[in-house]
Amino acid sequence: MIREAELFVMAEQVLVEVIGRIRHEHWRIVVPAMFDMPGADLALRMKPLVNHYAYDDSWVPDLLAGRTMEDVGKDRFDGDLLGSDAAAAVARISGLACAAAAEVTDGDAIVHCSFGDVAARDYFWQLNIARCFLAHDIAMHLGSRACPLTEELARGMWEGTAPRAEAWRSIGIFREPIEPVPADVSWRDRFLMMAGRDPHPLVEH
């Protein structure tokens, strides 16, 4: 398994745990836009936000297998993927995605995304950033004061994205960095601050 896939599995485990904390009264919460890029710059209520993640994950096994969305059927995963037990649905979908990721040994293998062809390692970086941000954002909006990312995951994310931080920033994935970064800051805070995200925001509903 390539390093990017290892980080994907770690990020999935964190996000699935966070989603498992969601209760019925939380589904009405509106979560601000995760990115600033067109198409992903809209605030969403918790349920469609989590459903979109499930949709994204549902494509992972087929795309990593080299299939196109046309091969699979573009509308295959449309609609409600969460059903009456969102936590169970997410865990099942994530499990299939992680199993597929564990089989990836060639980072240069081509993945046919909706926006074009990319190398598997680049596909994973997009997934990994989104999952780390989503886990953090959901946890904060559920009232947590602690970022859910593990130090191992956060360090891997920082090491993998820091060299290309300006490129991620130029397309609206990262925001302007939060500075100064304390010398003794955790890897969680270091990664989030580099990406322009407040590690400890005050969230009100």
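The values are calculated or read from the model by the stated rules, or taken from the named source; none is laboratory data. What you are looking at is a predicted structure, and each value in this text was computed from that prediction instead of being measured. Virtual Cβ from ideal backbone geometry, glycine too; neighbours counted across all protein chains shown. Accessible surface areas use protein heavy atoms only, side chains included; no ligands, DNA or RNA. Shrake-Rupley method; radii C 1.70, N 1.55, O 1.52, S 1.80 Å.
Annotations
- Using a Förster distance of 41 Å, the FRET efficiency for residue 3-residue 27 (Cβ separation, nearest 0.05): 0.70
- Debye log10 I(q)/I(0) at q = 0.15, 0.19, 0.29 Å⁻¹ for the range 50-94, Cα point scatterers: -0.37, -0.57, -1.05
- Centroid-to-centroid separation of the range 76-140 and the range 8-45 [C-alpha atoms, Å]: 13 Å
- Share of carbon and sulfur in the accessible area of the chain stands at 53%, probe radius 1.4 Å.
- Accessible area in square angstrom per residue, the range 65-205, 1.4 angstrom probe: 50 Å²
- The simple Förster model, with R0 at 35 Å and r as the Cβ-Cβ distance, assigns residue 70 and residue 17 a FRET efficiency of 0.55.
- The reciprocal of the average 1/r between distinct C-alpha atoms defines the Kirkwood hydrodynamic radius, which for the chain equals 17.4 Å.
- Cα-based shape type of the range 129-205, given that a ≥ b ≥ c are square roots of the gyration tensor eigenvalues and the cut on a/c is 1.5: prolate
- Placing pseudo-labels 7 Å out from each Cα toward the beta carbon at residue 171 and residue 150 gives an inter-label distance of 2.8 nm.
- Local net charge near residue 160, Cβ-Cβ under 10 Å (Lys/Arg +1, Asp/Glu -1): +2
- Take residue 12: with every protein chain present and a 1.4 Å probe, its accessible area is about 0 Å².
- Total formal charge among the other residues, if their Cβ is under 13 angstrom from that of residue 119, Lys/Arg +1 and Asp/Glu -1: -4
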